[in-house]
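Read-outs throughout are calculated quantities, based only on the coordinates presented, and are distinct from any laboratory measurement. Computed from a predicted structure; not experimentally measured. Here Cβ is always computed from backbone atoms with ideal geometry, including for glycine, and neighbour counts include all displayed protein chains.
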Amino acid sequence: MDNYSLKARTYPVLILFLPLVIIGITYSIAYENYLQLLSTIGISTALSYFLSNIGRDFGKKKESALWNHWGGAPTSQLLNYQNDSIDNITKDRYHTKLLELVTIKKEIDFKKSAKKEIDEIYRAWTKYLKTKTRDTKKYSLVYKENVSYGFRRNLWGLKLFSIILIIINIVANYSFQSVKHGFKNLTAFPLEFFISEFLLFALLIIWVVLITRNWVKVPAFAYAERLLEAVDSIEKDNI
């Protein structure tokens, strides 16, 4: 499995199942034995690949909703003259170079044309830049920001499932101890119960408060900026 798949796709799903790990560690469940068994029969690698695809699918499925919430795709926003995140001098340079790299058959005024029309061109430019910056060593900054964005996007895509899983673990943990010691006899509950419940509630707060659209937005626009900065180092294809 490549570095991107591991960090951006598999890690978010592993974090999704963190509530189960908390319960397991707190109550000293011997996960090591199960992991050794999985590794022995060759399932762990296949499971990692499966989890990486789950993480990617949920993240990509919600990407359009993210962009709509932000007002459009990050690269399209940065290239648009109505957006002041990048100064107009730099933006002019990007447009000039991209027009040279990707031919447009008709004249277009990027400052006055309809947003729908220019966004189509920006999407084409973005796609072109992605195909030209796949060398992870040459464009290491682009790659690092892409990994960061992919990780946060995919993690956010799993947010609802994680919250549900955490709540289920909180309730199940309490129910198990209540059946064993009595619903109102909290003093009889073991220390492991209080530690695990505290950690689960802390994890729930992190998911609700921290893992938001705005949390994903930071690396998304950082990736878009690094992608556009790569324009200067790209040469026109000789066809």
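With a threshold of 24 Å on the Cα-Cα distance, the over-threshold entries among Lys112/Lys144; Lys7/Lys61; Lys62/Lys137; Lys106/Lys138 are Lys112/Lys144; Lys62/Lys137; Lys106/Lys138. Can you work out D for segment 161-212 in µm² s⁻¹ from Stokes-Einstein, where Rh is the Kirkwood radius over C-alpha pairs, the temperature is 25 °C and the viscosity is 0.890 mPa s? Reported coefficient: 210 µm²/s. Across the alpha-carbon atoms of segment 61-190, the computed radius of gyration and Dmax are 24.3, 78 angstrom. Listing His181, His95 from fewest to most neighbouring C-beta atoms within 10 Å gives His181, His95. Think of it as helices only: each DSSP H run of n ≥ 4 in the chain is worth -39500 (n - 2.57), and spread over all residues that comes to -22000 deg cm²/dmol at 222 nm.
Each principal axis of the chain carries a Cα extent, and these read 77, 40, 22 Å when sorted largest first. Dividing the Cα radius of gyration of segment 127-191 by 2.2 N^0.38 Å, with N the residue count, gives 2.11.
Placing +1 on each Lys and Arg Cβ and -1 on each Asp and Glu Cβ, with no other charges, gives segment 84-210 a dipole about its Cα centre of roughly 500 debye.
Residues Leu191, Leu66, Leu160, ranked from the fewest to the most other C-beta atoms within 10 Å, line up as Leu191, Leu160, Leu66. Looking at segment 102-154, what % of the alpha carbon pairs are farther apart than 15 Å? So the pairs more than 15 Å apart make up 61 percent of the total in segment 102-154. Taking the fewest neighbouring Cβ atoms within 10 Å as the starting point, the ordered list for Trp215, Trp156 is Trp215, Trp156. In this structure, Thr90 and Leu6 have a Cβ-Cβ separation that, at R0 = 41 Å, corresponds to a calculated FRET efficiency of about 0.75. Each part reduced to its alpha carbon centroid, segment 196-239 and segment 119-185 end up 10 Å apart.
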